[in-house]
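Data first, discussion second: the structure below is written as structure tokens.
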Amino acid sequence: MANELPRAERFIYDLLVAATVAGSRVYSGVAPDGAAEPYVVMQVQSPGNDLYTVGAYRVWTDPLFIVKAVGKTRSWSTLTATADAIDLALHDKEGTVAGGTIYECLRERAFSLIEDVEGVQYRHLGGFYRVRTGA
């Protein structure tokens with residue numbers, strides 16, 4: 001396969017929506033203006049490395065995604081249930097998507113961030129997920 005990244009992202013999206021994590025408020029990269037909160041954002045953090053066998057056969061690639069609950073809040077408790085649901089939906093999962101196989105999806109580490117945007121505090125809570133995917 002030439003580019004497994006869209007397949008890996010589709011896998012993450014499908015699992016989150018099927019588990020009704022944040023309803024259908026799951027977005028790639030950035031949420032649209034006015035999105036209801038909390039919402040989930042996922043984004044590739046590293047395209048990963050390819051694993052090859054003899055003869056240059058690519059077995060898989062392992063991109064790293066950040067998947068996080070986001071909301072305007074001054075309290076982690078507002079996002080904790082959504083972040084827990086993200087982990088339950090994604091950690092230690094495998095499956096198939098059109099054009100490829102997801103061998104595993106594992107959380108590598110937790111993630112949290114507090115930012116101030118024009119006097120409004122946003123919190124981000126989730127994790128970094130390694131997705132091993134191939135043809």
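The values are calculated or read from the model by the stated rules, or taken from the named source; none is laboratory data. Computed from a prediction, not measured in an experiment: that's the story for all the values here. Note that we place each Cβ from the backbone using ideal geometry, even for glycine, and neighbour counts take in every protein chain shown.
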Residue satisfying all of: in segment 19-31; hydrophobic (A, V, I, L, M, F, W, C) and either touching a strand residue (DSSP E or B) at 6+ places or on another chain (Cβ under 7 Å) or over 14 Å from THR82 (Cα atoms) (or both); surrounded by the fewest Cβ atoms within 10 Å (Cβ to Cβ) among these: VAL30
task: Scan LEU106, LEU79, LEU88 and give me the residue that is in contact with a strand residue (DSSP E or B) (Cβ under 9 Å, 6 or more places away or on another chain) and either touching a residue at least 40 places away in the same chain (Cβ under 8 Å) or buried (at least 18 other Cβ atoms within 10 Å of the Cβ) (or both).
output: LEU79
- prompt: Mind checking whether some residue in segment 32-40 is surrounded by 14 or more Cβ atoms within 10 Å (Cβ to Cβ) and touching a residue at least 60 places away in the same chain (Cβ under 8 Å)?
  reply: yes
- prompt: Quick check: anything in segment 53-62 modelled with pLDDT of 95 or more and not β-branched (Val, Ile, Thr)?
  reply: no
- request: Taking ARG123 as the residue in question, decide whether it is basic (Lys, Arg), modelled with pLDDT of 95 or more, surrounded by 13 or more Cβ atoms within 10 Å (Cβ to Cβ) and farther than 17 Å from GLU9 by Cβ.
  value: yes
